Amino acid sequence: MATRQQNGTGSGSKAGASPGESDAPQAPYALPTSLFAGPFAPLMEGPMRDMIAMQSQAAQQMMDAFFPAQASAETDSAKASQAAPTDWDDVVGRLTRMWQDFARENPAMAASGFADPSRWMELAGQWMARFTPNEGDAANRAFIDTLALWETMIGQFMAAGAEPGKAAGTLALPRSDRRFADPQWRDNPIFAMLHQAYLMAADQIMDAAARAEGLPDDRKMQLSFFTRLLTEAMSPAHFPLTNPVVIARTLETGGENLVKGMSHFLADLQAGQLTHTDNNAFTIGENIAATPGKVVHETPLFQLIQYTPTTEKVLSVPLVIFPPWINRFYILDLTPKKSFVKYCLDQGISTFMVSWKSADPSMADIGWEDYAAAQVEAIDVIRERLDVPAVHAIGYCVAGTTLAATLAMLARRGEADKVASATYFTAQVDFSEAGELKAFIDEQQLAAVDSLATEGFVDGRYLSLAFNLLRSPDLLWAYVINNYLLGEEYKPFDLLYWNGHGTNLPARFHREYLRKLYHENLLVEPDAITLNGTPIDLHKVKTPSFIQAGREDHIAPAKSVWKLTQQFSGPLEFMLAGSGHIAGVVNPPEAKKYQFWTLPRPDGEADDRELPDSLESFVEQAVETPGSWWNHWKSWLREIDAEEVKVAGKRKPGGRGDKVIEDAPGRYVKS
């Protein structure tokens, strides 16, 4: 017979209940242990189930110390008159059936232990044991910090109790973190102490990792990175029994948030990646990546899109944009208000875009030199199509790195004049300080990546996870809380839709790029790399270059991007944008957001001054300008060549006599 409980308060017990579930009095904020164990019941027999039961009982006893039984009973009575009983056994049964159905359909994934909390706790315990401060100054500091935390918390809550009009949430806590911004983390002394103790422990563990001795710099950075990931993962906000917001939502909805969250969780397991937004809200070519144009050239590796001009005259020198092939090109063509492509068209620039094909088994032998050859091919197609001697080129991220190598290849061949200017968005060529992504680059992990490419390509979902881990609180755990634990629906967001629309990478390219550039840093060594039979030396690049870096970029750190300025021999313009890898680039003038920094120009005129020796010196001398940098870039481009021509002939794709392949955005971006 099912036991019905009202909003977490017990009215009976059932036979065979775990310790802590039977006769113990339940306060209005407590939930039966089985509710949380239910989804994983087949995996949690024995010690794991007992551990959670004891955790629940201990937590209940601690809460009873702060909330007398009389108050609990009164609250019970009040809630009983306001809400219908919740059949928690029914909720548990639904959660369990959902998991069992999934396990039957996906036995390998269910057996892997991915969804077994005991595996997580075992891993965390092993890792934490390496940093337990058990001797000397570290142990003393941990003991002193713990005592100080207890004294501070107890003192503040006693003071709050002595002043009835003063809410606990107004008290100053020793540590602050936006993950615990909700007042419920402060109002209840148990949860206030819990998250403060977690923050203190995380600080101590990170400090122990930073003080690890006998490690080379790259290993020490790796240790700090993965230690941070672990401490972030172990936040009490990520577990339903230790998150007051989740407990309140569960009581409020009668457990429906957990049922909905389980549905989201299982759907993501099936898809193999975390969902960030409502994917049904967007259709490529209709309300995203919808700028009109035509696909005018196609190869097995890329499609070349020419966009329809929006002005009667355009610059005589056209622009080709090379987006990164680790993502889809439409980061630069999200919606009309955010579209860099539309901006270029409205400024009178003939604009072309390369749309790379997501790798499949047929592309296993595509290497880095094939992408460099593709850039040259796109440049030549545009030159021939519009009958112009040169193009402006933009390379974003990995495509910018490749553009630099392509220009070095062209310079060695005596063909540098095919490119009138080069613009680099968040691109690196010297990977000696390439940031936390290098934590994934060592011999062991390179071998692991190779093992993933069994079909000749690396699945884009692995790459997406790696990038999400760089900002795990924002790009991973926030969605675990909101969509799994709180059961919230996904909200439409174009940028997050693009972020989840990854691409596969050819196995050979991925292996070469990580090993030769990130691991061995060969690109900055003259003639150490040969592309398509041509040794490359970046110092031979004399093409006028505009280099953009994001001040808060976590993928291509600004000080790493700055190193481009030390490699080229031609005129340079360096610009530091506010924000990061995406928002620092996609920042239209109408948004009136962020800012950028450039060196001052006497009387507003261009000059030939050399850049400072370091990024720090640049920042000291630079002038901050509020808003978007796009107009600044446009002015720089016009300084190189301001000649305009009328839009005629193939300047407008798809006209009479112009054979095109299909409408933009083409097939490749949809596959």
Leu517 meets each of (1) outside any helix (DSSP H, G or I); (2) crowded, with 19+ Cβ neighbours inside 10 Å with one exception, condition (1)
In region 480-514, which residues are crowded, with 17+ Cβ neighbours inside 10 Å and not in a helix (DSSP H, G or I)?
-> Leu486, Gly487, Tyr490, His501, Gly502, Thr503, Asn504, Leu505, Pro506
Report, ordered by the first and then the second residue, all pairs with beta carbons closer than 8 Å, sequence separation of six or more or different chains, a first member in region 215-240 that is of a type in the set (Phe, Trp, Tyr), and a second member that is open to solvent by less than 50 Å² (accessible area, probe 1.4 Å).
-> Phe225/Ala439; Phe226/Ala439
Mind listing whichever residues of region 246-264 are touching a helix residue (DSSP H, G or I) at 6+ places or on another chain (Cβ under 9 Å) and open to solvent by 30 Å² or more (accessible area, probe 1.4 Å)?
-> Ala248, Arg249, Thr253, Glu256, Lys260, Ser263
Condition test on Val376, is it free of Cβ contacts under 8 Å to residues at least 60 places away in the same chain and touching an Asp or Glu at 6+ places or on another chain (Cβ under 9 Å)?
-> yes
Those helices (runs of 4 or more DSSP H) completely within region 555-643 that have 2 or more residues that are under 30 Å from Ser472 (Cβ atoms) are 558-561, 615-621
Kindly indicate which of Asp459, Asp474 is at pLDDT below 95, of a type in the set (Asp, Glu), surrounded by 17 or more Cβ atoms within 10 Å (Cβ to Cβ) and out of contact with any Pro (no Cβ under 8 Å at 6 or more places or on another chain).
-> Asp459
Which of the residues that make up region 415-441 are in a helix (DSSP H, G or I) and within 26 Å of Pro544 (Cβ to Cβ)?
-> Ala416, Asp417, Lys418
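Here is a yes/no grid of residues against (1) hydroxyl-bearing (Ser, Thr, Tyr); (2) over 27 Å from the mean Cα position of the chain (by Cα); (3) assigned to a helix (DSSP H, G or I):
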position: Lys342; (1), (2), (3): no, no, yes
position: Ser355; (1), (2), (3): yes, no, no
position: Ile366; (1), (2), (3): no, no, no
position: Tyr371; (1), (2), (3): yes, no, yes
position: Ala374; (1), (2), (3): no, yes, yes
Sort out which residues of region 407-460 are of a type in the set (Ser, Thr, Tyr) and more than 16 Å from Lys563 (Cα to Cα), and write them in order of number.
-> Ser421, Ser451, Thr454
Quick one: what pairs do we get from region 393-418, first residue open to solvent by 10 Å² or more (accessible area, probe 1.4 Å), second among the polar types (S, T, N, Q), C-beta under 7 Å, 6+ apart or different chains?
-> Cys397/Thr426; Arg412/Thr534; Arg413/Thr534; Ala416/Thr543
In this structure, is Val381 aliphatic (A, V, I, L, M) and open to solvent by 30 Å² or more (accessible area, probe 1.4 Å)?
-> yes
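Right, Ser569: open to solvent by less than 60 Å² (accessible area, probe 1.4 Å) and either among the polar types (S, T, N, Q) or in contact with a Cys (Cβ under 6 Å, 6 or more places away or on another chain) (or both) or not?
Here the answer is no, as Ser569 does not meet what is asked.
Could you tell me whether Ser617 is over 30 Å from Val296 (Cβ atoms), within 36 Å of the chain's Cα centre (by Cα) and of a type in the set (S, T, N, Q)?
Spelling it out, Ser617 is indeed over 30 Å from Val296 (Cβ atoms), within 36 Å of the chain's Cα centre (by Cα) and of a type in the set (S, T, N, Q).
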If you go through region 231-274 one residue at a time, how many are of a type in the set (Phe, Trp, Tyr) and not in a helix (DSSP H, G or I)?
-> 1
Looking only at region 524-547, decide whether some residue is open to solvent by 40 Å² or more (accessible area, probe 1.4 Å), assigned to a helix (DSSP H, G or I) and out of contact with any helix residue (DSSP H, G or I) (no Cβ under 8 Å at 6 or more places or on another chain).
-> yes
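The values are calculated or read from the model by the stated rules, or taken from the named source; none is laboratory data. Remember, predicted model here, so these are calculated numbers, not experimental data. Neighbour counts are summed over all protein chains in view; Cβ atoms, including those assigned to glycine, are modelled from backbone coordinates with ideal geometry. Surface areas here come from the heavy atoms of the whole protein model, side chains and all, with no ligands, DNA or RNA. Shrake-Rupley method; radii C 1.70, N 1.55, O 1.52, S 1.80 Å.
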